[in-house]
Amino acid sequence: MSSLRILLIGSGGREHALAWKLSQSPSVESIIAVPGNGGTAGLPKVTNNNTVSENDFAGLVDLAKKERINLVVPGPEQPLVDGVENVFREVGIPVFGPSKDAARMEGSKTFSKDFMKKHNIPTAAYENFSDFEKASEYLKKVGHNVVIKATGLAAGKGVIIPESQEEAQQALKDIMLDRQFGNAGDEVVIEEFLTGDELSILSFCDGTTIKSLPAAQDHKRIGEGDTGLNTGGMGCYAPTKIATPALLAQVEREILQPTVDGMRKDGFPFKGCLFTGLMITPNGPKVLEYNVRFGDPETQTVLPLLKSDLAEIMVACSGPIPLLKYVPVEVEQKFSATVVVAAPGYPNSYPKNIPMQVFTPPAGTNIFHAGTKLSGDSLVSSGGRVIAAEAVGETLRAAVDKAYEGVKLINFDGMYYRKDIAHRAFRDEKSSSDKLTYAQSGVSIDAGNELVDRIKAAVATTRRPGADAIIGGFGGEVDLSQAGYPSAPIIVGAIDGVGTKLIIAQKMNKHDTVGIDLVAMNVNDLVVQGAEPFMFLDYYGCSRLDVSVAAAFVEGVAQGCKDAGCALVGGETAEMPDLYTGDDYDAAGAAIGVMKPTQRLPRKEAMAEGDVLIALASSGVHSNGFSLVRKVVDKCGLSYTDKAPWDSSATVGESLLTPTRIYVKPLLKVLAQTGEAVKGMAHITGGGLTENVPRMLPKHLAAEIDVATWEHPPVFKWLRESVVPTEMARTFNNGVGMVLAVAPEAADAVVKGLEAEGEKVYTIGKLVNREGGEKGEWCVLKNLESWAA
C-alpha cells in the first residue's frame, strides 16, 4: 500500500471518477489511464497513454511491466469478460476485477439467470432462446409484458422493453436475425416485465465479504419523464429514499451475500465491484441484472460520497487473501446527483470532434469527462455521452440544483441533457407530502415513549415484595407468594381506554360496540403475559348522564366480559359538566388476571434465532389510531353516514365501529395444549407492529416480518392512500391483532390449534439476530414499500 502504481483501463466518465478518487489516496504514486480522456489528462498523478489499446492484453502487460504497475483497475466490462484478470494474474500483477469465469455474470444473461435460479436469488421469471422461431412462438403465447435481453454484451443497450406484441417481435428480429448487437444476440433471454422502482447497488467484494456503497437510481431513457430510447444512463442520484435500512438489510441478506457465497461455492469467487441492478416490486426486491464492474453514471455519483481510501479498499479485494472485512467503507451522510450531457442525436448517430468549453467548478461540484479528448490543446467531443456534472449536497434537492448549476459550466453545440434528474424522488416527496401522519392528527407516539422513559425512575421507587415496579410491558404484575401470601398465584393488572373511537360512536349514536372495545383492549394485554382475566372494572365520565347511552355502553362492556370469561365486578360513573361538554363522554377500564409462575410470558431467555412469528387476524382497525383515521375521513370529505369506500355493505361509521377482537379464550386453550411452544405474545395496539412486537423480545433478537404474508382488510388499503407506509406500521394493526413467537418445531401444532378455535392464522416471519446490537432495528418489516399507494 505504500507506493501504488495503477494501470486504469478505460476512457469513460466512470474511469475519470475512478482516477479522480484514486489520485486522492496517499498510497497512490501514479496512475496510467489507457487511453483515458480529456478529464483524466488534467488530474494529478494521472497520465494518459494511447500507445496501446485497452483490448491489447499483451501490450497492456508489457506496459505494466515497463512502468512497474502493481495494481490493475479495468473500468469497462469487455476486458473483464475477455479475461484480462487471468492474463495479469499469470504474470503476478493483482487486478481489481473478476476472473473470466466470474465475469460471465455480466457476459451472459443466460448464465446469470440460471445462476440466480440455482441459488434461489429472487429474479423475474424467464426463458432462454437461441432459436428465433421458438422465441417468436413463445412471445405469441406469453400472457404478461416482457423484457427482451441480448444475452451477450451490448454496451448497456441490449435490453428492450416492448410495449406491444408487434414491438416485441420486431425487437426479437432486430437482435437475432438482423444482428443489431452482433454476437451478443446469438441468444436472448425473454423475461417477465417487473414493475416498481429500480435501484443500483455497487458493492466491493473480496470473494467472501461484501460491502456496499449507497443505493443509487439511474435514468436510462433519453427523454424526460423516462421516455424514448434506452441509453447508457442520462443521470443518477444517491442515496434513494426507497432504500430504507430495512430494505437494504433484506437485499444484502437475500441477494448480495447469497450471490457472493454462490459464486464462491461454484468455483469462481468474485473479486472487484459487483453492480446489482434491482427492481423493488410489490413482492420485494428482485434482481434485474448483474454487472461485474462499476456502473456509469453510478460511479460518478457515489464515489464523491465515499470517505474511505478507495485504493486501500481495492487492494484488500484484489489479493490472494480476502481482507475487505478489515477495511472500513465509510460514506458521507449526504446526497449526490449527476446530470449527463450528451451529443446531439444520441443515442442514435451523433457527430464527434465538437469543440467544447468547460469551466472550473466550485467546491462540492465535479465535472466528469466521458466522451472527450484533447486535440492539441483543445477539448473536443469523442462520444455520445460526452460529459457530466456531479454535485454533493446536504439534501437531495440541494445536490440536484448544484448539479444543474454545474451543467452551466459546460458548453458545446447541440449539447443535450435531461432536466428532470431525480424526478421520481421528488414525485415520491410530493405524494408523501399529501399524506398524513399520526403526529399531524395531534397524537405523538414518540412523546408517549418519552413519558414512559421519564417516569420509570419515579415508578421504581414504589417497589415492594412481589412487585418490581417496572413499566413498559403489556400489564403489571404482583407475585402474591412473594408479597406475604404463601402459595398464592401471580396477579396481573391492565388499564386502558377506547380513545377517540368514542367520537365516532357518539356521532353514530351507537355505544355498545365501544363497550366491547374497552374490555378487549385490557384483556388482550393480560393474556399476552399468560394470565387468565377474571375480573373487570369500568369508569364512565360524562357531561350529563344519558341513561340510555350509558346503559348501551355498559351492556357492551358486559358482552366483552362474557367473551373474555371474566366478571364485571364494579365501576364508577361521574357527571362533570365543567370538564366535558354536550353529549361527550369518556371511558376507561381495568382488568385483573391470574397466572402461575410457570405460565408467565414472555420467556425471553428461551427465545432464539429462527423462532417462528405467527399472527392472528384482526377484525379491523380495533381501537387505536382513530385520531388519524378521523383525520383521513375529514381529508376525504366523507361523512360517517356515507357508504364506506372500502365496504359497500356498511357506512363509514358502522364499519369503523367494528369491535376489537378478543383473543383470550383461543389463546388460553392453545397455551394449555402446547406447553412451552409459545415463547411470547404481543398485542398489536397503539404503536402498531413497529412498537409492540419488540415489547416481547430480548435485546439481542429482532423480529423479521414480511408484511406481504397476510391478507390486509380493505379498510387498511384505503387508509394507505392517505398515510405513508412507515406511519401505517407504527400506528395501526394492519390486519393482525396478535403476534406470537413460537418454537419452529411446534409452529404447525400452534397454528392448527388456533384455527380449530376459529382464528385466521398467518405465518409472518421469524426471529433474527438484531443487527447493530441494541442500537439496531428491533422490528424489521420486509416489503413495506408494497404498502405505498
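The values are calculated or read from the model by the stated rules, or taken from the named source; none is laboratory data. In this text, all values refer to a predicted model and were calculated from it rather than measured experimentally. Here the Cβ positions follow ideal geometry from the backbone for every residue, glycine too, while neighbour counts run over all protein chains shown. To get the accessible areas, we keep the full protein, side chains included, count just its heavy atoms, and leave off ligands, DNA and RNA. Shrake-Rupley method; radii C 1.70, N 1.55, O 1.52, S 1.80 Å.
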Helix 396-407: inclination vs the chain longest Cα principal axis, degrees, rounded to 10, gives 20
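Counting each pair of different Cα atoms once, what's the Kirkwood radius of segment 576-689 in Å, rounded to one decimal? Mind showing how you got there, number by number?
Details: mean 1/r = 0.0553 Å⁻¹.
Computed over segment 576-689, the radius equals 18.1 Å.
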Length gained if ASN348 through VAL768 is fully extended, taking 0.36 nm per residue and subtracting the Cα-Cα distance, is 146.1 nm
In vacuo Debye sum over C-alpha of segment 362-419, base-10 log of normalised intensity I(q)/I(0) at q = 0.18, 0.27 Å⁻¹, listed in q order, is -0.65, -1.13
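Pulled fully out, how much extra length does the chain show between ALA650 and ILE503, if you take 0.36 nm times their separation in residues and subtract their Cα-Cα distance?
Values: separation 147, 0.36 × 147 = 52.92 nm, distance 1.81 nm.
Contour length minus the Cα-Cα distance gives 51.1 nm.
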For the pair ASP642 and ILE321, the simple spin-label estimate (label points 7 Å beyond Cα toward Cβ) gives in nm 7.0
Rounded to 0.05, the calculated FRET efficiency for the beta carbons of PHE359 and GLU609 at R₀ = 56 Å is 0.50
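Based on Cβ point charges of +1 for Lys and Arg and -1 for Asp and Glu, what charge dipole magnitude is obtained for the chain about its Cα centre, in debye rounded to the nearest 20? Walk me through the numbers on the way to the answer.
On the way: 78 positive and 97 negative charges, 247 e Å.
So the magnitude is around 1180 debye.
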So ASP634 and ASN411, fully extended at 0.36 nm per residue minus their Cα-Cα distance, gain in nm 75.0 nm
One finds the C-alpha centres of segment 482-535 and segment 254-328 to be spaced, in Å, by 52
In Å², rounded to a whole number, the accessible area per residue of segment 1-56 with probe 1.4 Å is 35
The farthest towards the positive end of the charge dipole of segment 608-751, of the residues GLY620, THR641, VAL678, given +1 on Cβ of Lys and Arg and -1 on Cβ of Asp and Glu, is THR641
Zone reached by a paramagnetic label modelled 7 Å from HIS700 Cα along Cα→Cβ, restricted to segment 733-776 with backbone N below 17 Å, covers 767-776
Taking Cα atoms, the helix 512-527 axis meets the longest principal axis of the chain at an angle in degrees (rounded to 10) of 70
The distance between the Cα centres of segment 712-789 and segment 548-611, in whole Å, is 24
So the FRET efficiency between LYS562 and ASN120, C-beta based with R0 = 56 Å and rounded to 0.05, is 0.70
The Cα radius of gyration of segment 1-97, divided by 2.2 N^0.38 Å with N its residue count, comes to 0.95
Restricting to lysines and to Cα separations under 16 Å from LYS307, and discarding same-chain partners fewer than 8 apart, the set is LYS21, LYS211, LYS334
Charge dipole of segment 255-407 built from unit charges on the beta carbon (Lys, Arg +1; Asp, Glu -1), centred at mean Cα; most positive-end Cα among MET279, PHE368, VAL340 is MET279
Given unit charges at Cβ for Lys, Arg (+) and Asp, Glu (-), the dipole magnitude of segment 549-631 about its Cα centre in debye, nearest 20, is 500
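Per residue, how much accessible area does segment 605-723 have with a 1.4 Å probe, in Å²?
Ligands and nucleic acids excluded, the figure is 35 Å² per residue.
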For GLU332 and LYS141, extending 7 Å from Cα along the Cα-Cβ vector and measuring point to point gives, in nm, a value of 5.5
For ASN283 and ASP186, extending 7 Å from Cα along the Cα-Cβ vector and measuring point to point gives, in nm, a value of 3.2
Expressed as a percent, the accessible surface of the chain that is carbon or sulfur, using a 1.4 Å probe and the full set of protein chains, is 51
Per the 1/(1 + (r/R0)^6) rule, R0 = 60 Å and r from the Cβ atoms of THR709 and ASP377, FRET efficiency to 0.05 is 0.40
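With Rg and the Kirkwood Rh both taken from Cα atoms, where does Rg over Rh land for the chain?
Working: Rg = 31.6 Å, Rh = 29.8 Å.
Using Cα coordinates only, the ratio equals 1.06.
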Rounded to the nearest 5, the percent of DSSP beta bridges in segment 692-783 running antiparallel is 55
